[in-house]
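Let me begin by presenting the structure, written as C-alpha cells, before commenting on it.
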Amino acid sequence: MEWFVEHWIASSLLTAYVVVLLHNAYLGSKAATGVAGYYVGNREMGGTVVGISFFATFASTNTFIGHAGKGYEYGVAWFTLAILLIIFCWVSWRWIGPPLRRFAAEWDALTIPDYIRGRILGDEPKDDRHPLLLLSAAVIVFASLLYLLAIFKGAGHLFQIFLGVPYEVAVGLTLVVVVLYTSIGGFVSVIRTDAIQGVMMLLGAMTIFYFVTRAAGGISAVGQLMERPSKQHLFDLNGAVPFAVLLGVSLSGALKLIVDPRQLSRFYGLQNDAEVRRGKWIAVVGLTIILACMFPIGLYAHLLLDNVSDTDLIVPTLVNDAAIFPFWVTDLLIVSIVSAAMSSMDSVLLVASSTLYKNIIAPFRVVKNEVTSSRLAVVGFACAAALMALNPPGDIVGITIFSGSLYAICFFPPVVFGLYGRVASPSATLLAMLFGMTVLIGWISLGLSSQLHEVFPALFTSCAIYWLNSSRQPL
C-alpha cells in the first residue's frame, strides 16, 4: 500500500489503464458473436490500428527488457538484429500481407493451419485430423507457450522491482489482467488495446533513451567506451560470440515477422488491400523508432552499471534508479513497459488458444458454443504459461529466439513459397517440418551452435525438402 501512495501517478495510470482494457473487452465481446468475430474481428479492421498493433505486438518486454539488455553483452554487433527486424517488417507488409489476406478471406481461414489446409491440401478431402495440420497446430501451441512464459518472466521482473512484491505474486497479477480482457473481447479487444499500448510504448522508448543517455553523459558518451581496453569487445563484430552465430540469432528473430502466427493473424483481420498499404508504413516507422531507442541502452548501461550478470534486469534497474529518472517519469515508464508486456501477451494468447481449440480440440470433440470454448482455452493456456514462468528455462531472448527458429523452420516454406505459387504435397510439407526440427534439435544437442547458429542448417533443410518436392500452382 505504501508503494501505491508514494507512486500515486503510476497507481492512477495503471487504474485508468485497466479500466480501458476492460472497456475494450466489453466492445470486443459485442463483436465476438461468432468464431470469425472472436478470432479475426470479422475481417473488418482498418490499417491504422492494425499497423500499430503489429509493431506493438512484436515490441514486447522482449524488446524493452531482453533486446535492450543484450546490447550490454554483445555491443554494436547486436544492432544487426534491429536492422533485420526493420527490413523484415517491411517485407512482411509488402510481400506477405496482401496475398495472405486474400487467401485467408477466400478460404475462410482463421488460423495458420487453416491456411495450410487451403493451400497445401487443396482439392484433397478436407480432413481436420490430417497429421500436417495437427503438427502445425502443435508447433504453434508449443512455441507460443515458450514465448508467453518469456513475457511472463519479463512482466514478473517488472512488477517485482517496481512494486516490491514477490516474483510469484507479480506473475499472478499479470495473469489476471491479461486473461480478463483477452478472453472476453477476443481479436477486436486485442487490436483496440494494442493501438493504445503502441502509442504508450513509443513515448516510453523515447523517454528511456533520453534519460539514460543524459545520465551517461550524452549520446556521444558512448565514445568513452571505445577508449577503454576492457570494453573493446563491444565494438568488435566477433567480440562476444562469432558473428555467424549472432547473425543466426538475428535471422531467427527477424523471420518471426513473416512467419509468426501472432503477426500473420493481423493480416487476417484487415478489410482490404488498401488497408494493408495504409498499415505498412505505420508498422515500419513505429517499430523503427522503438528499436532505435531501446537497442543502444545496453551500451550506455556500461557507463552506469557494473558487473551485470542478468541482462534482463538492466532496464528495470535503470528505470527504478532515482538518480537517472525522476519519480514521475518512472511512474509513466512503469505503465509504458507494462503495456509492452500486455501487447504481446494478449496476441500470443489469442493465437495459441484459437489454434489449440480450432485445430487440436475441435477435430476430435464437437462443442455447442465455440466462442465459449475458445475463451476457456485462453484461460487454460495462460495459466499453464504462468506456472512455467515461475521457474523459466533460460533468459527472455534465448527463449523467444528458439520459438522463432521453430516458426521459421516449419512455416517459412508453406507460407512464403506457398503464397507465391510453389506448393508441395502434404507429405512433403510434413517431412520438411519434421526434418527441419530434427536438424534444429540435433544441431543444438551436438553443441554446434557455438560455430553456426542452428537456424541456418535447419531452415536450409526444410526449405530444400519443400522446394524439391513442390510444383508451380496457379495463384
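The values are calculated or read from the model by the stated rules, or taken from the named source; none is laboratory data. Owing to the predicted nature of the structure, the values given are computational and were not obtained by experimental measurement. Counting neighbours? That spans all protein chains shown, and the Cβs are built from the backbone with ideal geometry, glycine included.
Just need a number here: residues in the stretch 251-275 that are within 14 Å of the chain's Cα centre (by Cα) and assigned to a helix (DSSP H, G or I). Don't jump to the end; show me each part of the working.
As a first pass, look at the stretch 251-275 and keep what is within 14 Å of the chain's Cα centre (by Cα): 252-266.
Then drop every residue that is not assigned to a helix (DSSP H, G or I), which leaves 252-254, 256-259, 261-266.
Residues that pass the stated criteria total 13.
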Exercise. Are any residues in the stretch 317-355 small (Gly, Ala, Ser) and part of a helix (DSSP H, G or I), and if so, which ones?
Worked result: Ser336, Ser339, Ala340, Ala341, Ser343, Ser344, Ser347, Ala352, Ser353, Ser354
Exercise. Regarding Val423, is this residue at pLDDT 90 or above, in a helix (DSSP H, G or I) and of a type in the set (Val, Ile, Thr)?
Worked result: no
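Table: residues versus (1) within 26 Å of Thr63 (Cβ to Cβ); (2) touching a strand residue (DSSP E or B) at 6+ places or on another chain (Cβ under 7 Å).
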| site | (1), (2) |
| --- | --- |
| Leu406 | yes, no |
| Val423 | no, yes |
| Ser427 | no, no |
| Met433 | no, no |
| Ile441 | no, no |
| His453 | yes, no |
| Phe456 | yes, no |
| Ile465 | no, no |
Problem set entry | Residue within the stretch 329-336 that is among the hydrophobic types (A, V, I, L, M, F, W, C) and at pLDDT 85 or above present | no
For this session: Give just the number: which of (1) buried (at least 22 other Cβ atoms within 10 Å of the Cβ); (2) among the aliphatic types (A, V, I, L, M); (3) within 15 Å of the chain's Cα centre (by Cα) does Leu100 not satisfy?
Result: (3)
Seminar exercise, completed: Across (1) assigned to a helix (DSSP H, G or I); (2) in contact with a Lys or Arg (Cβ under 9 Å, 6 or more places away or on another chain), Ala464 clears everything bar (2)
For this session: Scan the stretch 76-91 and give yes if some residue there is at pLDDT 90 or above, over 21 Å from the mean Cα position of the chain (by Cα) and assigned to a helix (DSSP H, G or I), otherwise no.
Result: yes
For this session: From (1) part of a helix (DSSP H, G or I); (2) within 22 Å of Trp107 (Cα to Cα), pick out the condition that doesn't hold for Ala432.
Result: (2)
Problem set entry | Members of the stretch 441-461 found to be touching a Leu at 6+ places or on another chain (Cβ under 7 Å) and in a helix (DSSP H, G or I), listed by number | Val455, Ala458
Seminar exercise, completed: Taking the stretch 145-182 and keeping only residues that are of a type in the set (S, T, N, Q) and in contact with a Leu (Cβ under 8 Å, 6 or more places away or on another chain), one is left with Thr182
Exercise. Does at least one position in the stretch 197-220 carry a residue that is surrounded by fewer than 21 Cβ atoms within 10 Å (Cβ to Cβ), modelled with pLDDT of 80 or more, outside any helix (DSSP H, G or I) and over 21 Å from the mean Cα position of the chain (by Cα)?
Worked result: yes
For this session: Collect the residues in the stretch 30-74 that are surrounded by fewer than 24 Cβ atoms within 10 Å (Cβ to Cβ), of a type in the set (Gly, Ala, Ser) and assigned to a helix (DSSP H, G or I), keeping them in residue-number order.
Result: Ala31, Ala36, Gly37
